[in-house]
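For reference, the structure is listed below as structure tokens.
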């Protein structure tokens with residue numbers, strides 16, 4: 001197991017180098033000069049532009065810029081934004097917010113999705129199953145910004161149950177509504193996934209054996225059916241967590257969450273290369289770690305899976 | 001130039017409402033509640049640069065600086081300049097100014113506001129090595145150059161503690177008018193110890209001050225509180241301002257609806273149709289000191305010389321400005337009658353030649369045919385715009401009008417980002433006409449004309465040049481009487497109507513709305529709410 005983890009971590013290094021290179025290249029290749037854009041409709045003096053280019057290393061050839069950036073990262077220096085804030089500070093401020101939001105969202109979708117999926121699967125074809133199907137189909141087909149705006153309007157403005165946007169510091173109670181919105185889409189997926197998996201497991205031999213041993217349904221459902229049905233669901237949840245961690249740009253924008261997605265979006269719009277690349281680097285890192293954890297989880301959940309030394 | 005970036009990075013959407021609004025109490029009446037200690041909240045965007053006056057040229061940082069600093073002069077809602085820190089600004093020839101500062105003023109850290117605090121800040125802003133975004137504001141001062149770094153401008157001289165003189169390269173009668181702009185604010189002596197740290201926690205001399213270290217919580221909020229020691233005309237009528245930083249105006253609008261925000265400056269596109277009814281008596285929609293134009297450089301094929309003049313006039317006549325501002329913008333733009341803006345002193349709707357802006361498809365066709373006689377038109381008329389701003393709607397509408405009224409092929413030419421559009425305009429690589437716009441830095445006709453159409457001027461995107469225009473501009477700038485200056489500037493506009501270096505489209509309106517809990521809300525000529533006079537019931 002340890003050997004496997006070590007090998008995976010080693011593999012992560014070229015992946016990380018490759019992705020930062022690609023992202024850096026893409027930001028570099030973006031048409032338009034961010035320095036000129038700083039001046040708005042005003043045409044800046046070439047001399048001033050030259051000074052600013054030098055300050056942000058933008059006057060260097062691409063490959064030099066990239067290695068300067070990479071060297072900085074190894075020294076823990078992620079560069080500074082145009083507003084003079086170290087990018088590492090921005091990272092430290094935004095990732096915890098997004099983490100809280102992601103944990104909340106995954107919690108909501110897990111609890112609701114698995115419960116409803118389990119009940120649907122056990123009572124296949126019943127009224128509950130049919131209504132769950134309709135609701136989840138509707139949720140899957142709605143774009144997230146529609147759900148977000150409707151939820152904000154109804155629960156934030158009309159009923160006043162939640163704050164319309166997230167106040168500074170992003171306290172948990174403000175994050176509940178955006179988390180529910182984020183959870184809705186995956187919730188529908190998890191419901192469908194759990195249901196199918198439960199139905200499948202329910203017809204397996206070991207379930208029948210357990211029943212013929214005289215075990216009560218009360219014991220069979222959680223221990224034998226649910227546990228074995230969860231493998232695909234856990235994979236999905238973990239991947240979804242990874243997706244949420246790298247930022248829900250649209251939802252964060254609508255609810256003004258000072259998280260990763262909103263900040264990254266703003267940095268892209270302003271052409272702030274160092275901020276964009278640093279964010280993406282951390283995102284790639286998170287994604288790699290979560291992927292590794294998912295693979296390890298498999299082995300825990302399903303004893304048939306073993307990783308070679 | 002103030003750049004506003006909200007959501008999609010739209011530019012120069014900001015505009016002003018200079019007239020007093022129906023339904024909001026006039027600023028002349030004493031506030032009903034008396035001095036209030038309540039803190040008001042207003043939406044803002046994350047400042048793009050450190051909070052240093054000479055390096056702030058966009059609204060996110062500008063709103064903060066305008067409230068925590070006091071300049072030599074300040075502008076009232078109508079855009080008239082009054083002395084603030086200045087005791088007097090005197091000149092005999094519009095070229096050498098003697099500026100005297102009121103006695104006994106201090107920054108919030110106790111440093112005195114003196115001649116030195118202005119001169120040092122200006123010298124820093126002008127020096128090439130410091131590459132300040134607003135350095136061009138010091139261009140007119142003697143000694144300024146882009147060729148080499150100059151630490152001390154020869155045109156700035158400290159006479160005594162409270163007096164300094166400014167010598168300009170040439171007479172500019174509206175120089176005192178400019179002094180309320182952010183770039184001309186003073187800096188305390190302590191700023192020079194560590195300017196980087198200062199940009200994060202600026203110390204000013206205005207009606208408000210930062211609410212302690214770290215009051216700028218990046219991407220979240222900036223809190224300022226009343227400066228009890230402020231002695232000047234803009235004393236705060238409230239306890240402070242929470243500037244909530246939003247990435248999208250939609251979210252800010254939702255917060256206003258939900259009662260979590262007191263004052264909204266700017267209104268999202270999604271609410272343009274409804275905000276005036278939803279916030280009846282508590283909204284503003286008035287022309288501001290900003291306009292939108294189409295620039296068609298002379299260097300483009302078919303647009304030079306006499307043929308170009310005819311074609312530009314034809315295009316101008318072929319655009320139904322009324323229809324576009326009503327249908328596409330829901331009345332949040334006002335059709336243009338000149339090259340400046342209605343909130344500027346000296347504005348006139350009847351400048352000779354301005355009838356070229358009237359919608360007249362018949363005349364448009366005639367002029368176009370005349371131009372065809374010189375050299376027949378072929379191809380498509382393309383109008384470039386940045387697709388990351390709210391431009392596609394009106395560009396398509398204008399293209400359709402040209403198509404129908406001139407019977408030519410016309411289409412919008414989207415450029416993905418504002419940065420890309422500006423780069424190709426600046427480097428003159430753009431091969432089509434393009435959209436342009438201008439938001440005034442300070443309320444003066446000259447600011448709408450000099451930087452845009454003067455030969456070799458900084459923002460002369462079309463590289464327009466007409467010696468006659470330059471001469472009138474210079475005469476206007478040198479006039480020591482305001483009225484005489486205005487007359488020259490209006491004559492200069494007559495030449496512009498003849499040549500049409502750009503085709504004026506409309507004035508951008510200042511939009512905003514506020515909640516029932518606040519009173520005395522008024523938006524200034526520059527589209528910004530005048531926050532120090534707002535009162536709030538607790």
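The values are calculated or read from the model by the stated rules, or taken from the named source; none is laboratory data. This is a predicted model, so every value here is computed, not measured. Here the Cβ is made from the backbone with ideal geometry for all residues, glycine too, and neighbour counts use every protein chain on show.
Annotations
- Number of the exception - residue A:5 against (1) within 14 Å of chain B (Cβ to nearest Cβ); (2) over 30 Å from residue B:463 (Cα atoms): (1)
- Residue among B:404, B:447 that is away from chain A (no Cβ under 14 Å) and in a helix (DSSP H, G or I): B:404
- From the options A:6, A:112, A:12, residue that is under 24 Å from the mean Cα position of the chain (by Cα), within 24 Å of residue A:289 (Cβ to Cβ) and part of a helix (DSSP H, G or I): A:12
- Among residues of the range B:311-349, those that are part of a helix (DSSP H, G or I), surrounded by fewer than 21 Cβ atoms within 10 Å (Cβ to Cβ) and out of contact with any strand residue (DSSP E or B) (no Cβ under 8 Å at 6 or more places or on another chain), counted: 3
- Residue in the range B:371-380 that is under 30 Å from residue A:38 (Cβ atoms), buried (at least 17 other Cβ atoms within 10 Å of the Cβ) and assigned by TED's automatic domain parsing to the domain that holds residue B:460 present: no
- The set of residues in the range B:254-284 that are within 14 Å of another protein chain (Cβ to nearest Cβ) and within 23 Å of the chain's Cα centre (by Cα) comprises B:264, B:268, B:269.
- Filtered residues of the range B:507-518 (kept if outside any loop (DSSP other than H, G, I, E, B) and over 15 Å from the mean Cα position of the chain (by Cα)): B:512, B:513, B:514, B:518
- Residues of the range B:461-480 satisfying the condition of being free of Cβ contacts under 8 Å to residues at least 24 places away in the same chain and either crowded, with 20+ Cβ neighbours inside 10 Å or not in a helix (DSSP H, G or I) (or both): B:465, B:472
- Within this structure, residue A:182 fails the test of being at pLDDT below 90 and either farther than 30 Å from residue B:215 by Cβ or touching a strand residue (DSSP E or B) at 6+ places or on another chain (Cβ under 7 Å) (or both).
- Residues being within 14 Å of chain B (Cβ to nearest Cβ) and free of Cβ contacts under 8 Å to residues at least 60 places away in the same chain - total across the range A:71-87: 4
- Among the candidates A:29, A:37, the residue that is within 14 Å of chain B (Cβ to nearest Cβ) and loosely packed, with under 15 Cβ neighbours inside 10 Å is uniquely A:29.
- Some residue of the range A:246-253 being modelled with pLDDT under 80 and either assigned to a loop (DSSP other than H, G, I, E, B) or within 14 Å of chain B (Cβ to nearest Cβ) (or both): yes
- Answer residue from the range B:407-421, given it is within 11 Å of chain A (Cβ to nearest Cβ) and touching a strand residue (DSSP E or B) at 6+ places or on another chain (Cβ under 8 Å) and is surrounded by the fewest Cβ atoms within 10 Å (Cβ to Cβ) among those: B:416
- Scope the range A:88-102; condition surrounded by 17 or more Cβ atoms within 10 Å (Cβ to Cβ) and more than 13 Å from chain B (Cβ to nearest Cβ); matching residues: A:100, A:101, A:102
- The residues on offer are A:258, A:303, and the sole one that is buried (at least 22 other Cβ atoms within 10 Å of the Cβ) and outside any helix (DSSP H, G or I) is A:258.
- Matching residues in the range B:92-110 - criterion: being closer than 20 Å to residue B:188 by Cα and surrounded by 18 or more Cβ atoms within 10 Å (Cβ to Cβ): B:99, B:100, B:101, B:105, B:107, B:108
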